[in-house]
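The values are calculated or read from the model by the stated rules, or taken from the named source; none is laboratory data. This one's a predicted model, so the numbers in the text were calculated from it and none came from an experiment. Don't worry about glycine lacking a Cβ; one is built from the backbone with ideal geometry, like all the others, and counts go over all protein chains shown.
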């Protein structure tokens, strides 16, 4: 049983794929160039601009692929990508979850406070000598508000 260090082989395989893609692209470009020789000037200029955009896009893709962080150890190639993995998604959802939990706690505390206020009023009504109908009388409410 032989073990090979794929950490050295993986980059060379990636370069071979990129070189094969480049050769294929050059062959297609040469064929397109041959076919575009008899076209009017405005169409050939649009094709030239499109080729320039395609080449610049390819250069950007290669540059981004080279700049993305990688971990290569013992033949394992872990690509971290654009940072939208499981942990970053959980980390971005954490503030929303904490906010929701805080709002639920506040609502529960406020409901408990309101229930205790209503219980105090009910207890005062039941203990008091006045009948509950007296509290509904507008004159009695004015009497309570005045300093008599």
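Within the group 67, 63, which residue is at pLDDT below 75 and closer than 30 Å to residue 33 by Cβ?
Details: 67 fails: closer than 30 Å to residue 33 by Cβ.
From the options 67, 63, the qualifying one is 63.
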Item to complete: Keeping to region 116-129, report how many residues are outside any helix (DSSP H, G or I) and surrounded by 10 or more Cβ atoms within 10 Å (Cβ to Cβ).
Response: 1
Discussion item. For the condition out of contact with any strand residue (DSSP E or B) (no Cβ under 6 Å at 6 or more places or on another chain) and modelled with pLDDT of 80 or more, what is the one hit in 47, 144?
Written reply: 47
